[in-house]
Amino acid sequence: MAELSKLISLSRSTIYDKLNARSPRHDPSFPRAVKLGTSAIGWRQSEINQWITTRSKNSQ
C-alpha cells in the first residue's frame, strides 16, 4: 500500500475511498486490489500504469 500511495500520490484513505462504492470519492475505474494472503493485498502494476495513463489522457 505504501508503494502504491507513493506511486500515485494519494493517501491510503483516499485509495480506500476510491474503492468504496458508497464514498463520494469512489472511482469505478480504479484497479481492484488482489488478495495475496490472509491479511495482505496488492495491485497489478500493469493495471495501475493503465489507470495512470488513462487519467493523464483525460486531463488534457
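No value in this document is a laboratory result; all are computed from the given coordinates. Given the structure is predicted, the values throughout are model-derived calculations rather than measurements. We place every Cβ from the backbone using ideal geometry, glycine too, and count neighbours over all the protein chains shown.
For the stretch 29-45, which residues satisfy the criterion of being hydroxyl-bearing (S, T, Y) and closer than 18 Å to L19 by Cβ? Show your work before the answer.
Residues of the stretch 29-45 hydroxyl-bearing (S, T, Y): 29, 38-39.
S29, S39 - these are the residues of the stretch 29-45 that are hydroxyl-bearing (S, T, Y) and closer than 18 Å to L19 by Cβ.
Given the residues L4, L10, which is the only one that is part of a loop (DSSP other than H, G, I, E, B) and either surrounded by fewer than 10 Cβ atoms within 10 Å (Cβ to Cβ) or out of contact with any helix residue (DSSP H, G or I) (no Cβ under 6 Å at 6 or more places or on another chain) (or both)? Give the derivation first.
Values: L4 fails: part of a loop (DSSP other than H, G, I, E, B).
When all the criteria are applied, what remains is L10.
Residue by residue through the stretch 13-60, note down the ones that are exposed (fewer than 10 other Cβ atoms within 10 Å of the Cβ), small (G, A, S) and in a helix (DSSP H, G or I).
Residues satisfying the conditions are S46, S56.
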